[in-house]
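Student: Sharing a structure with you now.
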Amino acid sequence: MTFDDAKRSFRVREGYWFAPKPFGVGATPVTWQGWALTLGFAAAFLLDVHFVREILPKIVIAFTLTAAMLVISWRKTDGAWRWRWGSRG
């Protein structure tokens with residue numbers, strides 16, 4: 001994979017915030033909205049881990065945050081989430 005191939009793989013159509021990862025499964029944030037969502041998720045998750053003392057509410061909050069992050073990023077990805085291995089996939 002050349003540098004130009006990598007740049008092309010991180011371009012998305014209007015309205016999408018994530019590009020499919022070139023290796024593996026999932027997506028990478030490529031717009032400010034995608035990065036804001038990712039950083040907001042990380043901050044909320046860390047706050048949950050640090051400040052929520054009871055284990056059950058901590059698990060419920062963590063699960064809810066993670067599920068919301070996955071659903072939003074999946075819907076805002078310009079392409080399908082599937083296994084990729086560079087330019088072959």
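Here, each number is a calculation from the coordinates, and none is a lab measurement. From a predicted model like this one, the values you see are computed outputs, not experimental measurements. Counting neighbours? That spans all protein chains shown, and the Cβs are built from the backbone with ideal geometry, glycine included.
Student: Taking the Cα centre of the range 3-88 as the origin, how large is its charge dipole in debye, to the nearest 20, when only Lys and Arg (+1) and Asp and Glu (-1) carry charge on their Cβ atoms?
Tutor: Numbers: 12 positive and 6 negative charges, 61 e Å.
Approximately 300 debye in magnitude.
Student: Can you run phi through the Karplus equation (6.51, -1.76, 1.60; θ = phi - 60°) for the range 19-27 and list ³J(HN,Hα) in whole Hz, with x for Gly and Pro?
Tutor: Couplings: 10, x, 5, x, 10, x, 10, x, 9 Hz.
Student: Which value at 222 nm does the chain reach when only helices count, each DSSP H run of 4 or more adding -39,500 (n - 2.57), with the total divided by all residues and rounded to the nearest 500 deg cm²/dmol?
Tutor: On the way: 3 runs with 48 residues, N = 89.
Result for the chain, helices only: -18000 deg cm²/dmol.
Student: Now for a different question. Taking 0.36 nm per intervening residue step and subtracting the Cα-Cα distance, what contour gain separates TRP74 from THR31 on full extension? Walk me through the numbers before you get to the answer.
Tutor: Details: separation 43, 0.36 × 43 = 15.48 nm, distance 1.45 nm.
Separation in residues times 0.36 nm, less the Cα-Cα distance, equals 14.0 nm.
Student: Further question on the same structure: How far is helix 32-51 tilted, in degrees, relative to the longest principal axis of the Cα atoms in the chain, given as a value from 0 to 90 rounded to the nearest 10?
Tutor: The angle comes out at about 30 degrees.
Student: Pick out, from SER73, VAL52, PHE63, the residue whose Cα sits farthest towards the positive end of the charge dipole of the chain, with +1 on the Cβ of Lys and Arg and -1 on the Cβ of Asp and Glu.
Tutor: Working it through, the farthest residue towards the positive pole turns out to be SER73.
Student: Could I ask something else about it? Counting only residues 5 or more places away or on other chains, whose amide H sits under 5 Å from the amide H of ALA27 once H atoms are built in the peptide plane?
Tutor: Residues meeting the amide H criterion: LYS21.
Student: Another question, if that's okay. Going by C-beta contacts inside 10 Å, put PHE45, PHE63, PHE18 in order with the fewest on the left.
Tutor: Numbers: PHE45 15, PHE63 10, PHE18 27.
Sorted ascending by nearby Cβ count, the order is PHE63, PHE45, PHE18.
Student: Nearest 10 degrees is fine. How inclined is helix 55-75 to the longest principal axis of the chain, computing both from alpha carbons?
Tutor: Helix 55-75 and the main axis of the chain meet at about 20 degrees.
Student: Express in % the proportion of alpha carbon pairs of the chain at distances exceeding 19 Å.
Tutor: Values: 1857 of 3916 pairs.
When all Cα pairs of the chain are counted, 47 percent exceed 19 Å.
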